[in-house]
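J.: This is the structure I want to talk about, given as structure tokens.
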Amino acid sequence: MIRSMTGYGKSIFEDSNLKVQCEIKSVNHRYLDINIKLPRYLQKHEDFIKKITKQNISRGKVDIYFSFDFLDASLVKIVPEVNVAKSYLSAFNDIKNSLEIPGELNISDFIGFSDIIKHQEQEIDETILLNAISLALQGALDDYNAMRAKEGNQLKNDFLVKIKNIEDIICSIESISNTVVEDYKEKLEQRISSILENVPIDMDRLAMEIAVFADKSSIDEELIRLKSHLIQFKHIIENEDSVGRKLDFLIQEINRECNTIGSKSTNLNITNKVVELKTELEKIREQVQNIE
């Protein structure tokens with residue numbers, strides 16, 4: 001099953017102690033690049049999160065976001081910094097007296113200063129914490145992978161349609177190539193006859209020229225390799241996972257065969273068919289860039 005590199009997933013784990021929400025977003029990237037956003041006091045668990053993520057994703061730029069809410073009030077402690085508040089009060093009074101500002105100071109004047117009231121999370125059992133992170137992460141990964149698989153299936157179906165178009169073009173090229181040598185022979189005979197008129201044609205020399213032309217213009221090997229590459233392409237998208245790099249390499253090989261056919265061809269119809277073939281191939285190549 002092929003999967004897209006772009007996707008989104010979300011999951012929430014909740015128990016009596018805490019609520020953990022995990023979101024995953026990803027876009028195309030040549031390699032696997034994982035970025036994790038965690039509260040500072042949980043950053044030591046990044047390696048644990050990356051290890052689980054790497055078991056589910058092999059390529060793409062991946063952003064993972066976690067948010068934590070402690071549901072057990074005993075796990076949260078509010079600490080007043082009284083000495084800091086006294087310093088603020090003294091400073092405010094000095095300003096008030098110096099500038100002769102009327103009115104009284106009250107508690108609401110201190111609310112905007114975050115260093116007066118500190119919010120502290122108490123230590124929670126690490127086994128419980130890692131289990132919550134793991135379950136939220138895996139749920140988000142499952143949701144994320146389901147979205148990527150759905151898009152990957154749509155890409156696979158589109159690939160199959162385009163490959164069928166390419167196979168039809170190859171059949172047309174084969175049909176045309178079967179008449180190329182005979183057409184060349186007829187044109188060569190007509191040209192020699194028109195130039196030499198009543199002079200007899202040297203049939204041995206003519207046969208040699210035709211044989212040389214047939215050898216130089218033969219595209220049988222290229223067509224065989226093209227068909228083989230297409231069979232391999234279809235096998236990969238039907239039966240393998242994490243195939244982006246394989247498909248990208250295969251597209252390069254198919255393009256190489258197309259270029260060789262185009263360079264060997266002296267027939268305008270074949271040249272036009274090669275252009276059609278490369279147009280379909282470019283459409284596939286662009287989509288392959290989005291495959292994991």
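J.: What number of residues within segment 36-63 satisfy the criterion of being more than 19 Å from SER134 (Cβ to Cβ) and either more than 16 Å from the chain's Cα centre (by Cα) or part of a helix (DSSP H, G or I) (or both)?
T.: The initial filter retains those residues of segment 36-63 that are more than 19 Å from SER134 (Cβ to Cβ), namely 40, 58-61.
Of the ones still in play, those that are also either more than 16 Å from the chain's Cα centre (by Cα) or part of a helix (DSSP H, G or I) (or both) are 40.
Of the residues in segment 36-63, 1 are more than 19 Å from SER134 (Cβ to Cβ) and either more than 16 Å from the chain's Cα centre (by Cα) or part of a helix (DSSP H, G or I) (or both).
J.: Moving on to the next point. For segment 257-290, give me each residue that is of a type in the set (Asp, Glu) and free of Cβ contacts under 8 Å to residues at least 24 places away in the same chain. Outline the logic, then answer.
T.: So in segment 257-290, the residues of a type in the set (Asp, Glu) come out as 257, 276, 280, 282, 286.
Selection gives GLU282, GLU286.
J.: Moving on to the next point. Buried (at least 18 other Cβ atoms within 10 Å of the Cβ), aliphatic (A, V, I, L, M) and more than 19 Å from ILE128 (Cα to Cα), is that true of ILE2? Step through it out loud before you land on a result.
T.: On the way: buried (at least 18 other Cβ atoms within 10 Å of the Cβ): yes; aliphatic (A, V, I, L, M): yes; more than 19 Å from ILE128 (Cα to Cα): yes.
Criteria met by ILE2.
J.: Just to be sure, is GLY112 on the phi > 0 side of the Ramachandran plot, assigned to a loop (DSSP other than H, G, I, E, B) and at pLDDT below 90?
T.: no
The values are calculated or read from the model by the stated rules, or taken from the named source; none is laboratory data. All values derive from a computational prediction rather than experimental measurement. Reconstructed Cβ throughout: ideal geometry from the backbone, glycine too, with neighbour counts over all protein chains shown.
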